[in-house]
1. Restricting to segment B:58-82, count the residues that are in a loop (DSSP other than H, G, I, E, B) and either within 22 Å of residue B:43 (Cβ to Cβ) or in contact with an Asp or Glu (Cβ under 9 Å, 6 or more places away or on another chain) (or both).
2. May I ask you to say which residue of B:154, B:109, B:92 is within 13 Å of another protein chain (Cβ to nearest Cβ) and within 24 Å of residue A:469 (Cα to Cα)?
3. Tell me whether segment B:187-195 contains one or more residues that are acidic (Asp, Glu) and modelled with pLDDT of 85 or more.
4. If I ask for residues that are more than 25 Å from residue A:452 (Cα to Cα), out of contact with any Gly (no Cβ under 7 Å at 6 or more places or on another chain) and either facing another protein chain (nearest Cβ under 7 Å) or modelled with pLDDT of 85 or more (or both), which ones from segment A:376-403 would you list?
5. Any chance you could count how many residues in segment A:423-444 are in contact (Cβ under 8 Å) with a residue 24 or more places away in the chain and either on the phi > 0 side of the Ramachandran plot or within 11 Å of chain B (Cβ to nearest Cβ) (or both)?
6. From the set of residues in segment A:280-293 that are at pLDDT 90 or above and closer than 27 Å to residue A:338 by Cα, which is nearest to the chain's Cα centre (by Cα)?
7. Please specify each residue of segment A:109-159 satisfying the condition of being surrounded by 14 or more Cβ atoms within 10 Å (Cβ to Cβ), within 19 Å of residue A:228 (Cβ to Cβ) and among the small types (Gly, Ala, Ser).
Amino acid sequence: MLWLALRFPSLPLETFTRGVAHPGPLAVASSPGAHAGIVACNSRARGHGVRPGMPVAAASALATDLRILTRDPAAERAALEHIAAGAIQFSPTVSIAPGTGVLPEVLLEIGGSLKIFGGLTRLWKRIEQELESQGYTFSLACAPTPLAAQFFARAGLPVRIQHGDALRAGIAQLSVDVLGLPSGSDTLLADIGVCTIGACLKLPRAGLARRMGQELLATLDRALGHIPDPLPAFVPPAGFAATLQLPAPVEEAGALLFAFRRLLADLCGFLAAAGKGAQRLHFRLAHEDRDDTCFELNLATATRDTEHLVTVLRERLERLALPSPATAIALKALLLMPLAARNLALLPDAREQAETIVRLIERLRARLGENAVHGLDTVADHRPEYAWRIDASIGQNREPGTSDRGAWLPLSRPLWVLHAPRPLADVDGKPQQDGPLALIAGPELIESGWWDNNDIAREYFVARNPAQSLLWIYRECRAGGGWYLHGYFS
Amino acid sequence: MSSALDTVLQHPAVWRGGDCARVVVPSVPTGFAELDVLLPGGGWPAGALTEIHVERAGVGELQLIMPAAAHLTRSGRWLTLVAPPHVPYAPAFAAHGVMLSRLMLVRPATADDGLWACEQALRSQVCAAVLAWFDHVPERSLRRLQLAAESGGAAMLMFRPTRVAPASPAALRLHVAKAQSRTLVRVLKRRGGEVPAPVALDLHGMAPAHVRASPPPAPCRARPLEAVS
């Protein structure tokens, strides 16, 4: 067994700041009101002299532009659950263990995953990249028991201990602070001159148990692997919905995209763990004094590629008119489809090309609108207007070669047809366009369509105008008559 | 001695004034031998901007590119049409051999959106050619398209009305007009050579001959059969 502990020391702060690239001075207070204490503050607030533990009133006096937000334990818990859900892509055994203070830690059993990810170093790097893209600061530590991994992570030591002997030597040097003892016990240990876990382990067990309680001994034994330490497994939710509070209202599309990128990274981690892809996403932007702005993204195929989703969203955000700045954003996956991971090919293959065209289409549609991009197909019908159709499902499920149905038509059809036939002037029964037209081929009588009440009866001709252009014109055979221009032989 | 000189002159980097340099330009054959010999790479230049100035609709400018379009789509590459002025008639495209499943139509609301769409398609590396119809395009945008075409290795064919003819960064500029029922193609600008004499192509020659009753697709007629007497 090999356990990896992920600790997020700045989580109370980062639930607010990870959606912003360059946050201003910011501090998080334990509760609303001037008497509450500061729990965490960012580096800019630290520059003004603000420190955790300070009362809110003192902190506001130090920095006038300091934003003080109230800690949101529910958002922290949700953030940890999203991290844990994403971590399932690296290990099937994930759990959220209580940490020191009130900060929980995420634990992964990675002993079984080393081989598939190509060793501990690579896996470590993958997990680091994943957490960085989600916008968290973190400390990782790896040890044979979950509790020991937690201890090292709390001490901020990125150790990779894989064997029991090294564990005993390493853990002996840690301060007793990492044990997370109740406040009475740690002063008692300090009073008798015990500062490290090593010193603690040297004390006689019976005396230690009598003075400090059985709990400390049990903790040390679990950390060293002398007694088992079963953990409740984390069960990921079936769907994905996440919210991100913004520390200050945001209006600019680029800043919104930065914030959404965080949520999309969360989403893609969740999808990778679940072996799924998202096809429909629902975005919501909350405003201070108005109704929320909502929009959806419909993708042609399910995906879990953060960069692709960000590109599509960028185009969509550019078209979005915000009534007022957004104070919070939310993302929900509406349609999840199974999406298997696939092997990488040495050379780009047909499937990869199909994927690229789908991405291009999605990007174009995100900016130009759903209906602005489409394909063409032929329909077996004699009526010129009904012999083609718009193909909205372009780029998908159509194997090359299925649309050769129009090949029976001779070259007597023009490449351009007009959106609606245009009436031509008629002088002595001869059609005119920039002068009299010479009929050079025809007539081709098309009389069809009695079954759907759009029947036509027309005599089509190929005509040449004095400027030498070839036109496709027809004479209406029904009541009214007259000549019409229908297309150009361009 | 002279054979040694010939070897030197064969080198693609050596350009001799007076003839079209035989530079190796990646290109797509137009399908018209008379036209191919006039073009530096022997076809539509891939990875470059080509302007086709059209005198008026109906002179055969689309038929000029149909053989190349058929060839590209049949080999599985994509063709994108941006802002076409009329409806591209699917049966006629199919009859010219274009594979419709490899054809994408983009109808932008504004010219800016259209230019953006062209650039995206060119850079995507999945479109072999982008055909676009614009009236007025700022020179800066033309340069952008030229760069996008270079980076994506795709042919950008831009159809423009004849009255627009200021200087342009296009690698190839053609003028298409009609003369005595033949399509007259004039090269206005090409890389590596002076302007050659115009070439007349008989594009419509076969079209009228085909106007006859065509084999129908056998529409399913739901009329009841008459009783045989």
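1. Start the filter on segment B:58-82 by keeping residues that are in a loop (DSSP other than H, G, I, E, B), which leaves B:58-60, B:75-77.
Now narrow it down to the ones that are either within 22 Å of residue B:43 (Cβ to Cβ) or in contact with an Asp or Glu (Cβ under 9 Å, 6 or more places away or on another chain) (or both): B:59-60, B:75-77.
Number satisfying all stated conditions: 5.
2. Details: B:154 fails: within 24 Å of residue A:469 (Cα to Cα); B:109 fails: within 24 Å of residue A:469 (Cα to Cα).
Of the residues listed, the single one that is within 13 Å of another protein chain (Cβ to nearest Cβ) and within 24 Å of residue A:469 (Cα to Cα) is B:92.
3. The initial filter retains those residues of segment B:187-195 that are acidic (Asp, Glu), namely B:194.
If we keep only those that are modelled with pLDDT of 85 or more too, we end up with none.
No: zero hits.
4. Once the filter is applied, which keeps residues that are more than 25 Å from residue A:452 (Cα to Cα), out of contact with any Gly (no Cβ under 7 Å at 6 or more places or on another chain) and either facing another protein chain (nearest Cβ under 7 Å) or modelled with pLDDT of 85 or more (or both), segment A:376-403 yields A:398, A:402.
5. Count: 9.
6. Checking each candidate, the answer is A:281.
7. Matches in segment A:109-159: A:111, A:143, A:148, A:149.
A quick yes/no check of all residues on (1) at pLDDT below 90; (2) more than 9 Å from chain A (Cβ to nearest Cβ); (3) under 17 Å from the mean Cα position of the chain (by Cα):
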| site | (1), (2), (3) |
| --- | --- |
| B:59 | yes, no, yes |
| B:63 | yes, no, yes |
| B:80 | no, no, yes |
| B:88 | no, no, yes |
| B:121 | no, no, yes |
| B:125 | yes, no, no |
| B:129 | no, yes, yes |
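The values are calculated or read from the model by the stated rules, or taken from the named source; none is laboratory data. Fair warning: this is a prediction, and the values are worked out from it, not measured in the lab. Cβ coordinates were reconstructed from backbone atoms using ideal geometry, including for glycine residues, and neighbour counts include every protein chain displayed.
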